[in-house]
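The values are calculated or read from the model by the stated rules, or taken from the named source; none is laboratory data. Worth saying up front: this structure is predicted, and the values here are computed from it rather than measured. Here the Cβ positions follow ideal geometry from the backbone for every residue, glycine too, while neighbour counts run over all protein chains shown.
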Amino acid sequence: MSRYWPTLLLAGVLAGLGGYLYFVELPEQRTEVVTATQAKQILPFAEAQISAIKVRSHSGEVVLSQTPGQPWAITEPLHTDADQRQVQALLRALVTGKVTRLVETHPVSLTPFGLDHPSTVVTLTAGDRQETLSIGDAGPLSSTLYVLRASDESVLLTDLAPKDFLNKTLLSFRRKELLQFNQQETEQLRLTYPTTEMVLYAYEEKPKKKWRIRYPIEAEADRTEIQALLFRLEDLKALAIVDPGPERDKLAPTLTKPKVKVTLHAAGADHVVRLFQPDPTSGEAYAQTTPDGPIYKISPSAIKDLTRDLFALQDKRLLGVETGDIAMLSIKTRDEQYALIHDHNEWILEDQPTEKLRQDVADLLVSRIVTLPAEERVLKQAGPLAPYGLVAPVAEFVATGKDGRIAGRLALGNQVGGLVYAIGHRIPGVFQVRPDLLTQIPSRLALLAQGPGTPP
């Protein structure tokens, strides 16, 4: 038994050393790490605990507050919605910002750091705790700032960026988006101009929601154009805000006839904005969302972006029929003529029904014909077609529906200035389209599985 004592003794020593490391040394190291991390933090509390912010600068004082579960709001010098991104950017900068060096505690003079007259003073409230940070001059390195922390009267060199704190005004923290809505919940759009009006509505059709024009005509709408219009409305922002007061009283009488009034119905509520440009030569434009509310100064380009004619909003695909509704598609050029039959989700040649076609080539051809859009409008109504080469077209496509009737037609004529004249079934008139389709029509042999390659 005595021969095992050294081993037992060594095991006991190791166990004691392990206990010391676990219960004494490691906790001390963890405490040191936590203490070092806390020493590098500018704020003593987390972002989620902050319920109020006061920002004082040379332009005045702004007070923001947040009720749990609600967005940030401005409470002083007026009650209004806050720009959530601006508030979050300020908080994120302070919460993630680090102290790179403790410069001085209880400083004798604040002048060397630009803290005798700080550019910005931020006071944050978290429950019953409060911290005030005074922002001074830029540090010796780029993107650094001197900060005076009130709780311990320390001058800190931080990695805070000047752009996050300097030149902040009431407008910086105000919500500048004129409309707040969800595109997916938008059901109707009404555009009212001085001499006309257009009404559009959304309807569900898989895989994506589609739009139709209800007035002044019943027609499919250009989904891409409508989405672009909605994005512009979402992005409509104020460059300046004129609140009720003498300045607004002077400006309001000049805003009598809007260039465009947009009424957007989403999630059971109407969102209205009127855009004005009383003097186009001044380069100034304004908007109102309520008759008695603030007047917003906006970019004049916003009026142009939201002014659309009927043609721009229409579905400009000229053939006028969807692929799934085509039973037969006739293709006729000056070199080739054939008809494709759609049978059990496959395309076959009308006069060679037993021959196997390259379905990828046929699908691509049909897709190009169905989706070809008008680029420019030449004539609003169909007139003499000879000047455009449309009496004897270079290429002609006729789609027959499942009921045996003609459902769509597209004809391509002369090419001028990089575009080709065209007429279609969907929209009356003469148009110009891109000429690519003329070089993308495969020959009969290219459609056959044993044929040579297809055109680019």
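Tabulated data for the structure shown
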quantity	calculated
Pairs where the first residue, in segment 328-339, is under 14 Å from L447 (Cβ atoms) and assigned by TED's automatic domain parsing to the domain that holds A399 and the second is part of a loop (DSSP other than H, G, I, E, B) and of a type in the set (S, T, Y), C-beta under 7 Å, 6+ apart	E336/S443
Residue satisfying all of: in segment 386-406; in contact (Cβ under 8 Å) with a residue 40 or more places away in the chain and part of a strand (DSSP E or B); surrounded by the fewest Cβ atoms within 10 Å (Cβ to Cβ) among these	G401
Some residue of segment 171-192 being closer than 16 Å to L43 by Cα and in contact (Cβ under 8 Å) with a residue 60 or more places away in the chain	no
Wholly within segment 66-139, strands (runs of 3 or more DSSP E) carrying at least 3 residues that are in contact (Cβ under 8 Å) with a residue 40 or more places away in the chain	99-105, 120-126, 129-138
Of all residues making up segment 327-385, the number that are in a strand (DSSP E or B) and among the charged types (D, E, K, R)	5
Residue in segment 100-113 that is farthest from L179 (Cα to Cα), counting only those that are out of contact with any Asp or Glu (no Cβ under 8 Å at 6 or more places or on another chain) and of a type outside the set (S, T, N, Q)	V108
Candidates R368, R434, R377, R409 - the one that is surrounded by 12 or more Cβ atoms within 10 Å (Cβ to Cβ), in the same structural domain as M328 (by TED's automatic domain parsing) and modelled with pLDDT under 95	R377
Index of the failed condition, T224 passing every other in (1) assigned to a helix (DSSP H, G or I); (2) farther than 19 Å from L310 by Cβ	(2)
Residue check, L191 modelled with pLDDT of 95 or more, buried (at least 16 other Cβ atoms within 10 Å of the Cβ) and outside the structural domain of A93 (by TED's automatic domain parsing)	yes
Residue satisfying condition, being among the aliphatic types (A, V, I, L, M), assigned to a strand (DSSP E or B) and surrounded by 15 or more Cβ atoms within 10 Å (Cβ to Cβ), within set L157, L179	L157
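Condition check ((1) closer than 20 Å to G283 by Cα; (2) of a type outside the set (S, T, Y); (3) surrounded by 13 or more Cβ atoms within 10 Å (Cβ to Cβ); (4) at pLDDT below 95) across all residues:
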| position | (1), (2), (3), (4) |
| --- | --- |
| V199 | no, yes, yes, no |
| E204 | no, yes, no, yes |
| P207 | no, yes, no, yes |
| I213 | no, yes, yes, no |
| I217 | no, yes, no, yes |
| L229 | no, yes, yes, no |
| A238 | yes, yes, yes, no |
| V242 | yes, yes, yes, no |
| K257 | yes, yes, no, yes |
